[in-house]
Structure formats: structure tokens, C-alpha cells
1. If you take the residues of segment 65-76 that are of a type in the set (A, V, I, L, M) and closer than 18 Å to ALA39 by Cβ, which of them is surrounded by the fewest Cβ atoms within 10 Å (Cβ to Cβ)?
2. Could you give every pair whose Cβ atoms fall below 9 Å, whose first residue belongs to segment 156-177 and is at positive phi, and whose second residue is among the basic types (Lys, Arg), counting only separations of at least 6 or pairs across chains?
3. When segment 95-109 is examined, which residues are found to be assigned to a loop (DSSP other than H, G, I, E, B) and surrounded by 12 or more Cβ atoms within 10 Å (Cβ to Cβ)?
4. What are the pairs, 6+ residues apart or on separate chains, where a residue within segment 113-140 that is free of Cβ contacts under 8 Å to residues at least 40 places away in the same chain and of a type in the set (D, E, K, R) has its Cβ under 7 Å from a residue that is open to solvent by 50 Å² or more (accessible area, probe 1.4 Å) and part of a helix (DSSP H, G or I)?
5. What is the one condition in (1) surrounded by fewer than 17 Cβ atoms within 10 Å (Cβ to Cβ); (2) not basic (Lys, Arg); (3) not in a loop (DSSP other than H, G, I, E, B) that SER62 does not satisfy?
6. Output the residue which, of all residues in segment 149-173 that are over 15 Å from the mean Cα position of the chain (by Cα) and closer than 15 Å to ARG28 by Cβ, is least open to solvent (accessible area, probe 1.4 Å).
7. Yes or no: segment 126-148 includes at least one residue that is open to solvent by less than 40 Å² (accessible area, probe 1.4 Å), at pLDDT 95 or above, not in a loop (DSSP other than H, G, I, E, B) and not β-branched (Val, Ile, Thr).
8. Here is a check on your reading of the model: is ILE92 assigned to a helix (DSSP H, G or I), among the β-branched types (Val, Ile, Thr) and open to solvent by 60 Å² or more (accessible area, probe 1.4 Å)?
Amino acid sequence: MSTDDDPLTDSRDTARTEAPENLAPHARVPVKIEEALGALAMALIVAISFGNVVVRYLTNVSFAFTEEFSVFLLVFMTFVGASAAFATNEHIRITFFLDLMRPRTRLLAEAATLLATTAMFALIVYYGAQVTYDEWYWEETSPGLGYPAWIYTIWLPLLSLAILGRVIGRAIALFRGRVR
């Protein structure tokens, strides 16, 4: 089998040379959504942190309560980024070993990766939903601002569902031979 016939050969090179909108041609939901949400979360983190530094410098008072928002936004940004990474096949892997594998073995390694990822995020959906429900049921509040805690944790199962959608979509496209 030549490298032209190999569905996994150029996945990393393609990511570097193609335009961002072409990285996930199999995706029905545009990856631009995750990119925009991630950029928005990063911008909010920067604005909150910068505002906190300026206010602390000028008034010697800290906006310590903003840490609650910053931590939430960081987790949100991480999950949105993971969703985009799986859609575009840019997720973390040990490419040194992957490049040494034959095409069929590489396909098996990809299948194992997708299976393990599916299992992990399915567990996050299940347990994240349980935690969110418990926080809602027991009316738990956040320590800094006193907001209902579930408004932060509900994003874990929701974003995990989005990641699962990307992983399953990637798996379907990979095994149908639509992606590299």
C-alpha cells in the first residue's frame, strides 16, 4: 500500500497546510463554532485578569471574586478546544510511534484512541450530570459570588456531549474513508 492510499498518512501535514475551514470537511457542524467560543472565552479571561491587575494597581483592592469566572472560562475553553481538536484530528497523540506503524496498525491505534476517548467523555457526561443535578437539588452555591453552583458544572456534561459528537463523527468518517 502506498502512502497515497493510506487514510492516515498526511493527517498532521494536512493540518499545517490547509485552510482552517477545510480541516474537517466531514463535519456537519462547522468547527468555526468551537473556534469562536474558545476565542470568546480567552478574551473574557484576558479582560477579567487585566481589569483585576489594573484595579489592584490603582486602588490596592483585588477582585478576588473574579477567579470563579476565570476558572470556569478556562475549563470551558479547554472543552471547546478539545471538541475542535477531535473534529480536525489535531488531538494529542504520540506521533513518533504512530509514524512507525503500518497503515492497518495505525488504523487500529486510531480506533483504540477513539474508543478510549468515547468511554472517558461518556463517563464525564454521566457523572457530570449527576454532580450538576445534586448541586441543583441541594441548592449549592458558589463560594465567591454565591451563584448557584450548577450554572458552572452543567457545562461539563453539555460540552462532553459536543466532544462525543465530534469523536463519533470523526470515527464514522475515518472508517468510511472520508478523512485522512
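1. First pass over segment 65-76, keeping only residues of a type in the set (A, V, I, L, M): 71, 73-75.
Those left that are additionally closer than 18 Å to ALA39 by Cβ: 73-75.
Working: LEU73: 18, LEU74: 13, VAL75: 16.
This residue is LEU74.
2. Going by the 9 Å Cβ cut-off, there are no qualifying pairs.
3. Of everything in segment 95-109, just one residue is assigned to a loop (DSSP other than H, G, I, E, B) and surrounded by 12 or more Cβ atoms within 10 Å (Cβ to Cβ), namely MET101.
4. GLU135/TRP150
5. Result: SER62 passes all but (3).
6. If we take residues in segment 149-173 being over 15 Å from the mean Cα position of the chain (by Cα) and closer than 15 Å to ARG28 by Cβ, then ALA173 is least open to solvent (accessible area, probe 1.4 Å).
7. Yes, the conditions are met somewhere in segment 126-148.
8. Judged against the criteria, ILE92 is not a match.
The values are calculated or read from the model by the stated rules, or taken from the named source; none is laboratory data. These numbers were taken from a predicted model, which means no experiment stands behind them. For neighbour counting, all protein chains shown are included, and Cβ atoms are generated from backbone atoms with ideal geometry for every residue, glycine included. Keep in mind that these areas ignore ligands, DNA and RNA; they rest on the heavy atoms of the full protein, side chains included. Shrake-Rupley method; radii C 1.70, N 1.55, O 1.52, S 1.80 Å.
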